[in-house]
Every structure is written in C-alpha cells, then in structure tokens.
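Undergrad: Quick one: structure below, then a few questions.
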Amino acid sequence: MAFDFHTTVALIADYGEPIFAALRRLRAVEHLFPRMSLLHRDALDVELLFRQNLPAAALGLRLGADPAEVAEYVRIYALGQTLILNNMDRHLDLSSAHSIRDPALLLADVNSTMCLAVTSVLTMVREAAVTPAGVRALPVMASVTAEIVQSMYDNYAGRFDQDVLRNPERLVTWYRESDQSRHLGSGFYSSGVLGLLAFIGARVPDGLVEVLRDMRRLRQRVDELTDLFEDTVTGLVSYPIAMGLGRPGIAADLRKLIDRLWGRSQQIIGSGERDAGRLNLELTRDPELIETYESVLDVLLAGGIMRECHREADVLWERIASNLAEMDACFGVPLTAIIDLKRALLDRVASTDWRDDRPPHTFLEMVEAAGLGEAL
C-alpha cells in the first residue's frame, strides 16, 4: 500500500502538471447545446484522465517537449478516447469504477453516452486537424482506438455464450496468442504513447511497440484477476475462468457454478432496467450472486488457478521490466514505475485471497501529497 501511495505521488509531482493543465481547458469546454456541455462535464473523471495520460505526459516531458505542447496533446487525446471510451465500456459491461462511484448522467442513459462519444470524437478530429502536430498524431491514435472499440463490442456481443464454456482450451489459446485477445483490449498505452511521439515528432525506439503491447497484456491480466466478479456475473469468460474450465479436477464443479451464476445474472439484466449504474448495483449486491461467486472463487483457489495466473502475470512483468531496462531512461524510468504499480496491485489483492480490490487511499489524497491539490 505504501509503495502504491508514494510511487503515485512521485509520478503526480513529476508529470502531473500538463495533465491538470489539460483538465482546466477541458472543464472550460462549452458545446453549442448546454445539455451536451453538461454531459461533457459529467464525463470528466479526473483520476482516469491522469492514469490514462500519465505515460504520454511522462515521456513528453522527459524527451524535452514544451509542457504546454504536452498539455495540448493530452487535451486532444482525452477528447478522442479518455472521456468517452470508458463510459462506453461501463455501459457495455454494466460496470462501475472507483473513480466514478456515482455517475449522474452518462451511465443512466446509453443514448447520452452515444451522443457524447460522437460529439467528442468529431471535436477532437476538428481540433487535431488544424496543426501539423495534430495531423501527425491523429491516424496513430485512431488506429489503435478503433481496434479497442471493436474489442469492446465483441466482448459485449459474446456474453453468456454457452459454447465458450464447452471449449475452454481454445479460449485459453486465443487469450495467449490471438491479435484479437481480450488481453490487448486496453489500448491507451499504445495509442497514447505512440500518438504523443507522432505529435512531438519524435522517433519510435526499437522494441517500444512490442513493450507497449506487453504492458497492455499485463494490465488486462491483472485487471481480470481484480475484476473477476464483475466480469463473470456479466457473462464474460475471462482468462482465469477459462483456465479453470480446462482443468479436469475442477471443471465440472466450476461449469455448474457458472451456469447458476449466469442464470441469476440474466434474470437481473433481463428485468427491463435500462440504467447501467442501477443494474451494476443490483448485480454487485445480489445475495445469490455473491454466494455463488464465493463458491467459484473457492474452486479456483483450491485448483491453484489464481496462483498460476499470478505467476504468469509476474513472468510477464519481469519480461517487460527487463526490456525497459535496456531502453533509454526517458522511456525506461517512467514506464517501469507504471508497470511496478500494476505489480503492486496484483500482490496486494493476492494477499487478500482476491477479495479486496479497493484502493487504500483516494486520488485526491495523493494529489494533495504531491503538492498539486489546487490543480483540481
């Protein structure tokens, strides 16, 4: 816990100012229609804005870019990805987030999310296209982000698929090897960093693209372990579940539990409630779902699945750290700190038998400790 706090505080102090400068400009956005401006402000998740734009901001500053130039890039990137993709994802996944515990508008209405997303993307395109730097960055950002949106929809469309339960080995191989793997389903490391390098006209170092893909895999591996309840009750067969279904000693019991869990989840989701935030509360508070999930987790723990997933994520972290150690410090130092935070989260949740994924301190507390509280 102390490592997470002190490392994040140091990262905020060193690299936070361009992100908070972008935030100030984003808060000042006024669209033609006041209702759209209200949606825009509701989407401004400050912690998410920092965490998604930290890699690009850190590299920009360490490479000597003007902080105002880095802030402008963060603003454009936020309009095209950060402000919208996570709200879309929360609708599709019926999920919440620690940094947006009480969404007022966007999760209540999928039409709001759709209209904000289109408005924000087109605003980003318009504003990126007016400078050579924006023109360079736009196709780099867009190519990855378009893949991520497709992945988000594919996850949504494939929920509660019984065929997947009967072919776990194929799913495990897909997770490990496919370019469509859900382990590549978070793209901000790639799109944010590569877009920033294009924006400031910097060369992409040898090996960086591969390292960023591995960082995406690590992030998803860790998040699947911390979000196992949320993923499973909303019909996803994530990597730990797929591994368990392929393990002869526990597969039959696990399949029965998943069938029971999915049956109850589908009752709740099919109730006619359209507010994603309320559906999330129903799913996360339902006694039957909680009890059944505890049994699922017990089976995975007894079968050694969670321990094995932890070990695999640890091996991936070691490979990334080794590759970053060989890179120029401008890249290696901040990116290593970022993957170390993921490793710390993995170890913290593992120490509680995978039952506690809430951060021990708030983002505001860390910003204030970094001496930038007035920036918020």
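What follows is calculated from the coordinates using simple rules that are stated; it is not laboratory data. Everything quoted here is computed from the prediction, not taken from an experiment. Reconstructed Cβ throughout: ideal geometry from the backbone, glycine too, with neighbour counts over all protein chains shown.
Undergrad: What do you get for trypsin sites (Lys or Arg not before Pro) in segment 293-376 restricted to DSSP loop and a cutoff of at most 12 other Cβ within 10 Å of the site's Cβ?
TA: Of the trypsin sites (Lys or Arg not before Pro), the ones in loops of segment 293-376 whose Cβ has at most 12 other Cβ atoms within 10 Å are 355.
Undergrad: How long are the semi-axes of the ellipsoid equivalent to segment 41-154, from square roots of 5 times the Cα gyration tensor eigenvalues, in whole Å, largest first?
TA: Whole-Å semi-axes of the equivalent ellipsoid: 25, 16, 13.
Undergrad: Stretch residue 27-residue 180 to full length: gain in nm at 0.36 nm per residue minus the Cα-Cα span?
TA: Answer, rounded to one decimal: 51.6 nm.
Undergrad: Starting from the Kirkwood Rh over alpha-carbon pairs, what translational D in µm² s⁻¹ does segment 96-208 have by Stokes-Einstein at 4 °C and 1.567 mPa s?
TA: Roughly 77 µm²/s, to the nearest whole number.
Undergrad: Would you work out which of 46, 58, 5 lies farthest towards the positive end of the dipole of segment 1-70, given +1 charges on the beta-carbon of Lys and Arg and -1 on that of Asp and Glu, about the Cα centre?
TA: Ranked along the dipole, the leading option is 46.
Undergrad: I would also like to ask the following. Alpha carbon centre of segment 197-220 versus segment 325-376: separation in Å?
TA: If you average the Cα positions of each part, the centres end up 19 Å apart.
Undergrad: Between residue 114 and residue 291, what length comes free when the chain is fully extended (0.36 nm per residue of separation minus the Cα-Cα distance, one decimal in nm)?
TA: Length difference between fully extended and current span is 60.2 nm.
Undergrad: With +1 on each Lys and Arg Cβ and -1 on each Asp and Glu Cβ, and nothing else charged, work out how big the dipole of the chain is about its Cα centre, in Debye to the nearest 20. Working shown, then result.
TA: Working: 39 positive and 54 negative charges, 115 e Å.
Magnitude of the dipole: close to 560 debye.
Undergrad: Using +1 at the Cβ of each Lys and Arg and -1 at the Cβ of each Asp and Glu in the chain, identify which of 199, 349, 376 lies farthest towards the dipole's positive end.
TA: In the chain, that residue is 199.
Undergrad: Continuing with this model, one more query. For the chain, set up a Gaussian network in which alpha carbons nearer than 10 Å are linked by springs, and say which option among 21, 71, 325 fluctuates the most.
TA: Highest fluctuation of the listed residues: 325.
Undergrad: Additional query: How much FRET efficiency would the formula 1/(1 + (r/R0)^6) give for residue 247 and residue 326, where r is the Cβ-Cβ distance and R0 is 25 Å, rounded to 0.05?
TA: Numbers: r = 36 Å, r/R0 = 1.46.
Plugging the Cβ-Cβ distance into 1/(1 + (r/R0)^6) gives 0.10.
Undergrad: Run the dipole for segment 129-198 about the Cα centre, Lys and Arg Cβ at +1, Asp and Glu Cβ at -1, nothing else charged, and hand back the magnitude in debye, nearest 20.
TA: 140
Undergrad: Could you work out the Kirkwood radius for the chain, taking every pair of different alpha carbons, averaging 1/r and inverting it, reported in Å?
TA: 21.5
Undergrad: While we're here: What ranking do 28-35, 326-333 get when scored by the average of other Cβ atoms within 10 Å per residue, highest first?
TA: The packing order, highest mean first, is 326-333, 28-35.
Undergrad: Can you tell me the orientation of helix 110-128 relative to the chain, as the angle in degrees between its alpha-carbon axis and the longest Cα principal axis, to the nearest 10?
TA: 30
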